[in-house]
Amino acid sequence: MEETNFASRRAVKPSVLAWVRVMRLYNAVSRLGAAQLAQEGLSGPRFDVLAQLGVLGGACAAQDALVRRLMVTKGNVSTLIHKMVQDGLISRKEDPANRRRNRLALTPKGETLRRRAVPRHEQWLDELFSVLSPREQKALEALLTKLLSGIKKCSELQSTKRRKP
């Protein structure tokens, strides 16, 4: 359904139109991003692990700290990490200070891939967002941050209401 047709059929609330645009933007960016990362031999979640381990210093990051930073569900993380260990991209070792905790690190192979993939992905994002001026990009980021904060508060309120009898 075209957005213009959708909007012209009746008076549509700005929140509904914004939601439609966000969903279409998410779908388009997800599809294009997956294709861009596939050129590096990566999926979105694998790229996220490599990038986040790089941000965390690349060596000996606690697995639970990494999980909090990733854009995947906790249930998928164990399988994802296991496969990345098998592929030689990361190493997983027991934390000597806490044997119930794992520490993750980029292997040389993983670090090489990260050093190649992250700048290429950043360049792709620069191209993607080049239709907006730097000022517009900052304004968009601020609006999205504000929206995300409001959504988190709404979600917390809904969770509280569900717990009360």
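Quick notes
- Filter result for the condition that a residue is assigned by TED's automatic domain parsing to the domain that holds ASP95, among the basic types (Lys, Arg), modelled with pLDDT of 95 or more and farther than 18 Å from GLY44 by Cβ, over LYS138, LYS146, LYS109: LYS109
- Of the residues examined, GLY75 is not one that is surrounded by fewer than 18 Cβ atoms within 10 Å (Cβ to Cβ), part of a helix (DSSP H, G or I) and touching a residue at least 60 places away in the same chain (Cβ under 8 Å).
- Failed condition for ASN102, given (1) out of contact with any strand residue (DSSP E or B) (no Cβ under 8 Å at 6 or more places or on another chain); (2) at pLDDT 75 or above; (3) surrounded by 12 or more Cβ atoms within 10 Å (Cβ to Cβ); (4) not in a helix (DSSP H, G or I): (1)
- Matching residues, the stretch 83-114, being of a type in the set (D, E, K, R), closer than 20 Å to LEU37 by Cα and without any contact (Cβ under 8 Å) to a residue 40 or more places away in the chain: LYS83, ASP87, LYS109
- Set side by side, the residues LEU53, LEU32 differ, and just one is modelled with pLDDT of 95 or more and not in a loop (DSSP other than H, G, I, E, B), which is LEU32.
- Any hit, the stretch 138-150, residues being surrounded by 11 or more Cβ atoms within 10 Å (Cβ to Cβ), in contact with a Phe, Trp or Tyr (Cβ under 9 Å, 6 or more places away or on another chain) and in a helix (DSSP H, G or I): yes
The values are calculated or read from the model by the stated rules, or taken from the named source; none is laboratory data. Since the structure is predicted, the reported quantities are computational estimates derived from the model, not experimental observations. Virtual Cβ from ideal backbone geometry, glycine too; neighbours counted across all protein chains shown.
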